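The values are calculated or read from the model by the stated rules, or taken from the named source; none is laboratory data. Worth saying up front: this structure is predicted, and the values here are computed from it rather than measured. Heads up, the Cβs are rebuilt from the backbone with ideal geometry, glycines too, and the neighbour counts pull from every protein chain shown.
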């Protein structure tokens, strides 16, 4: 009943049901954790912390409770304690991506707080020298969005591609599911740009807002984010490929994968096109992980062939939308990128 009422957003009734359930069985860690989750949704953070701590006392290896406690402590401004809980959640289950994502975000906030960092306006001094991948990576962003559903408890991470820039307005193409979970839009959507800052600094970020999105009953899983404000001049749209797609064509994919204690953002994976249909590319040998949704698929000339949208469960095949399909959808939103990207962006060899 607790779950059902919570799903219906009847939070007071859900709390009452949880408390009654606890009266009948005070040793059920799951109910204490759900009570903490519901208190957190109501912003009753002290009560949420108490409930999560009780769940952990009953089951010290309860990943969701450690993660939920970390999120509650973070909202209270207790970042160091929150990081400790995310560490524990990751130690228990290294494959729980939200503990991992939340940990990365909390550590960035900790760095900002400890160093009293202001917003970065121009990060070009932090670009690695003699790295031929930099011009391409600058067009690929790391997207974060905050969720508070039971399926998504914390930060979602994905990838986006700069597709248009006009003055202080920049458009970024990505997957819908990164910033929308089927019921609600993620909060505090931000995009982060590639650079290699020193340890006491963080990469340049900008707030983003949802500009366009396909509906959940449409086949295409696409969204366009809008960033308003000045960006360094070297952040430009990726050039669009004019190469004919063929089977076994070599490709590269840039995306974001992070593991405990290891930053693999802007990682480049090599693969090949295993098959091509009108509405999708099938990719093999790329070994993509969560965080690569929305990643650009690049042809041998490092031009944009499409963007990643899914991996078939239990298989080593990844799927991407070809640019032909993307441009059809963008045109319905009155976003024309083809001519501008061919004229204003030069090719780069990696």
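Looking only at the range 49-63, decide whether some residue is touching a strand residue (DSSP E or B) at 6+ places or on another chain (Cβ under 9 Å) and either crowded, with 18+ Cβ neighbours inside 10 Å or at negative phi (or both).
No, the conditions are met nowhere in the range 49-63.
Go through the range 215-227 and give me each residue that's within 20 Å of the chain's Cα centre (by Cα) and either within 16 Å of residue 310 (Cα to Cα) or in a strand (DSSP E or B) (or both).
216, 220, 221, 222, 223, 224, 225, 226, 227
Among the residues of the range 133-140, are any modelled with pLDDT under 95, touching a helix residue (DSSP H, G or I) at 6+ places or on another chain (Cβ under 7 Å) and surrounded by fewer than 20 Cβ atoms within 10 Å (Cβ to Cβ)?
no
Residues of the range 237-288 being under 20 Å from the mean Cα position of the chain (by Cα), assigned to a loop (DSSP other than H, G, I, E, B) and surrounded by fewer than 20 Cβ atoms within 10 Å (Cβ to Cβ), which ones?
260, 261, 287
Name the single residue that is nearest to residue 213 (Cα to Cα) among those in the range 163-182 being in a strand (DSSP E or B) and out of contact with any strand residue (DSSP E or B) (no Cβ under 7 Å at 6 or more places or on another chain). Even if it seems obvious, please write down each step before you answer.
Here is the first cut: in the range 163-182, the residues in a strand (DSSP E or B) are 163-166, 169-174, 180.
Subset that is out of contact with any strand residue (DSSP E or B) (no Cβ under 7 Å at 6 or more places or on another chain): 165-166.
Working: 165: 19, 166: 20 Å.
Among them, the one singled out is 165.
Identify the single condition in (1) closer than 19 Å to residue 266 by Cα; (2) in a helix (DSSP H, G or I) that residue 132 does not satisfy, given that it satisfies every other one.
Evaluating residue 132 over (1) closer than 19 Å to residue 266 by Cα; (2) in a helix (DSSP H, G or I) leaves (2) as the failure.
Are any residues in the range 174-196 touching a helix residue (DSSP H, G or I) at 6+ places or on another chain (Cβ under 7 Å) and under 22 Å from residue 257 (Cβ atoms), and if so, which ones?
Within the range 174-196, the subset touching a helix residue (DSSP H, G or I) at 6+ places or on another chain (Cβ under 7 Å) is 185-186, 189, 194-196.
Result: 186, 189, 194, 195, 196.
For the range 109-124, does any single residue satisfy the condition of being out of contact with any strand residue (DSSP E or B) (no Cβ under 9 Å at 6 or more places or on another chain) and buried (at least 20 other Cβ atoms within 10 Å of the Cβ)?
There is at least one residue in the range 109-124 that is out of contact with any strand residue (DSSP E or B) (no Cβ under 9 Å at 6 or more places or on another chain) and buried (at least 20 other Cβ atoms within 10 Å of the Cβ).
Report, by residue number, each residue of the range 235-254 that is farther than 12 Å from residue 304 by Cβ and touching a helix residue (DSSP H, G or I) at 6+ places or on another chain (Cβ under 6 Å).
Hits for the range 235-254: nothing passes.
Which of the residues spanning the range 41-56 are in contact with a helix residue (DSSP H, G or I) (Cβ under 7 Å, 6 or more places away or on another chain) and either in the same structural domain as residue 183 (by TED's automatic domain parsing) or modelled with pLDDT under 95 (or both)?
41, 42
Given (1) assigned to a helix (DSSP H, G or I); (2) within 30 Å of residue 197 (Cα to Cα); (3) over 19 Å from the mean Cα position of the chain (by Cα), identify the lone condition not met by residue 46.
Result: residue 46 fails condition (2) only.
Scan 287, 258 and give me the residue that is touching a helix residue (DSSP H, G or I) at 6+ places or on another chain (Cβ under 8 Å), closer than 30 Å to residue 99 by Cα, in the same structural domain as residue 306 (by TED's automatic domain parsing) and at pLDDT below 95.
From the options 287, 258, the qualifying one is 258.
Out of curiosity, is residue 108 within 23 Å of residue 144 (Cβ to Cβ) and touching a residue at least 40 places away in the same chain (Cβ under 8 Å)?
Against the criterion (within 23 Å of residue 144 (Cβ to Cβ) and touching a residue at least 40 places away in the same chain (Cβ under 8 Å)), residue 108 qualifies.
Assess whether residue 82 counts as being surrounded by 22 or more Cβ atoms within 10 Å (Cβ to Cβ) and either without any contact (Cβ under 8 Å) to a residue 12 or more places away in the chain or farther than 19 Å from residue 156 by Cβ (or both).
Numbers: surrounded by 22 or more Cβ atoms within 10 Å (Cβ to Cβ): yes; either without any contact (Cβ under 8 Å) to a residue 12 or more places away in the chain or farther than 19 Å from residue 156 by Cβ (or both): no.
Considered against the rule, which asks whether it is surrounded by 22 or more Cβ atoms within 10 Å (Cβ to Cβ) and either without any contact (Cβ under 8 Å) to a residue 12 or more places away in the chain or farther than 19 Å from residue 156 by Cβ (or both), residue 82 comes out as no.
Between 127, 73, which is touching a helix residue (DSSP H, G or I) at 6+ places or on another chain (Cβ under 6 Å) and either within 30 Å of residue 303 (Cβ to Cβ) or assigned by TED's automatic domain parsing to the domain that holds residue 201 (or both)? Quick ask: steps written out before the conclusion?
Numbers: 73 fails: either within 30 Å of residue 303 (Cβ to Cβ) or assigned by TED's automatic domain parsing to the domain that holds residue 201 (or both).
Just a single option satisfies the conditions, and that option is 127.
So residue 17 ticks every box in (1) closer than 27 Å to residue 290 by Cβ; (2) without any contact (Cβ under 8 Å) to a residue 60 or more places away in the chain but one. Which box is left unticked?
Tallying (1) closer than 27 Å to residue 290 by Cβ; (2) without any contact (Cβ under 8 Å) to a residue 60 or more places away in the chain, residue 17 fails exactly one: (1).
Report yes if some residue within the range 197-207 is in contact with a helix residue (DSSP H, G or I) (Cβ under 6 Å, 6 or more places away or on another chain) and assigned to a strand (DSSP E or B); otherwise report no. Working first, answer last.
As a first pass, look at the range 197-207 and keep what is in contact with a helix residue (DSSP H, G or I) (Cβ under 6 Å, 6 or more places away or on another chain): 197, 202.
Now drop any that are not assigned to a strand (DSSP E or B), which leaves none.
No, the conditions are met nowhere in the range 197-207.
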